[in-house]
Amino acid sequence: LMVAIGFLIFMYLTLHHPLRKQILSSEQFFNASFTGLFSGIIGGRILFVLLEWNEFKANPIEALYPWIGGFSMLGSILAILIFIPLYLKKNKIPILPLLDISSLHLPLLHAVARIGCFLAGCCYGIPASPVAWYAIQHRHPAQLYTSAASLLIFVILQIANRYKSCGTGIITLSYLALASLSRFAIDFWRGDSEPLTSHLLGPISGIFSHYQLVALIIFICTFSTLLLVLSGQSKTPKNL
């Protein structure tokens, strides 16, 4: 329910964004949005199953039952970034401008969706002090931490978009960098994530979860790309 509410909010804000009308029609926007929705659901489920395979290897058919286990937000983002550009390219729609507009509102969708995790009791946090005012059933409310972080990302992107002239792709890269950094940090308070142990990881074995390593890779890639793009813009002659 909360995912549906978040998606409707995202649809409304993005549909009525002034630049959306210059990029694609309402019909094309709805088609692209539902393509993103379905690819996000499938991608989120696939990454969750891959990273939590120990829960499914005894009965692999359960991987097809979305009510068992859950979804990975990072998997959804990666799937959307793969299939939405393919859809847009096929229909000759500018890719990066639409991704920028969508990225402005995606954090709000995520913030609302995580409230659903809180209500359902999934994605719970590690034990907290029983007397801590913020503890829920003696645990850190990691879901609400993520909601708060997503709201902060939403505000940051809105300010950056309004008060600074951002080049094409800057908002999308900023969203990916901030969202992955948020996931990496908040996972230290997640109680449902097991640390990844492997001799291949060397000194970091047993410190980070699967999701944190994926988030760290996304952050490094997007943040380094963002720095390169911003560096290139700063070298562009002002009279252009």
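Comparing 50, 82, 157 along the charge dipole axis of the chain, the residue lying farthest to the positive side is 157, per the Cβ-charge model. Spatially, segment 205-227 and segment 61-84 are offset by 19 Å when compared through their Cα centroids.
In the chain, carbon and sulfur make up what percent of the accessible area (probe 1.4 Å)? Numbers along the way, then the final one.
Working: 9580 of 13750 Å².
Accessible surface attributable to carbon and sulfur in the chain totals 70 percent.
Oblate is the label for segment 1-138, because the ratio a/c of its alpha-carbon gyration tensor axes (a ≥ b ≥ c) is 1.5 or higher and a/b is not greater than b/c.
Starting from the Cα coordinates of segment 40-82, work out the convex hull volume and express it per residue in Å³. The partial results should precede the final answer.
Values: hull volume 2.3 nm³, N = 43.
Hull volume normalised by residue count: 55 Å³.
Here is the list for segment 49-84: chymotrypsin sites (Phe, Trp or Tyr not before Pro) lying in DSSP coil, each with at most 11 other C-beta atoms within 10 angstrom of its C-beta, are 67.
If R0 is 41 Å, the Cβ-Cβ spacing of residue 162 and residue 50 corresponds to a FRET efficiency of close to 0.60. Here the dipole of segment 1-74 is about 240 debye; that uses its Cα centre as origin and unit charges on the Cβ of Lys and Arg (positive) and Asp and Glu (negative). Placing +1 on the Cβ of every Lys and Arg and -1 on the Cβ of every Asp and Glu, with no other charges, gives the chain a dipole of roughly 860 debye about its Cα centre.
Per residue, segment 1-93 exposes 61 Å² of accessible surface when a 1.4 Å probe is rolled over the protein heavy atoms with every protein chain present.
Taking DSSP loops as anything outside H, G, I, E and B, show the longest stretch in the chain free of trypsin sites (Lys or Arg not before Pro) there with at most 14 other beta carbons within 10 Å.
Within the chain, the longest run free of exposed trypsin sites (Lys or Arg not before Pro) spans 93-163.
Positive-end ranking of 125, 91, 185 along the dipole of segment 74-185, with charges on Cβ about the Cα centre, is headed by 91. By the Cα gyration tensor, segment 93-144 has an equivalent ellipsoid whose semi-axes, rounded to whole angstrom, run 34, 10, 7 from largest to smallest.
In units of the compact-protein estimate 2.2 N^0.38 Å, the chain shows a Cα radius of gyration of 1.07. Once the C-beta distance of residue 133 and residue 155 is scaled by a Förster radius of 25 Å, the resulting FRET efficiency is 0.55 to the nearest 0.05.
Using the heavy atoms of the protein chains alone and a 1.4 angstrom probe, what is the accessible area of segment 120-182 per residue in square angstrom? Computed with neighbouring chains in place, this is 55 Å² per residue.
Normalised by the number of residues in the chain, what is the relative contact order in percent for Cα pairs under 8 Å and 6+ residues apart? Write down the numbers at each step before the final one.
Numbers: 298 pairs, mean separation 45.1, N = 240.
Relative contact order for the chain comes out at 19 percent.
At what distance in angstrom do the alpha carbon centres of segment 131-179 and segment 91-126 lie from each other? For segment 131-179 versus segment 91-126, the Cα centre distance is 10 Å.
The values are calculated or read from the model by the stated rules, or taken from the named source; none is laboratory data. This is a predicted model, so every value here is computed, not measured. Every residue, glycine as well, gets a Cβ built from its backbone with ideal geometry; the counts of neighbours run over all protein chains shown. The protein model used for the area step is the full one, side chains on, heavy atoms only, and it has no ligands, DNA or RNA in it. Shrake-Rupley method; radii C 1.70, N 1.55, O 1.52, S 1.80 Å.
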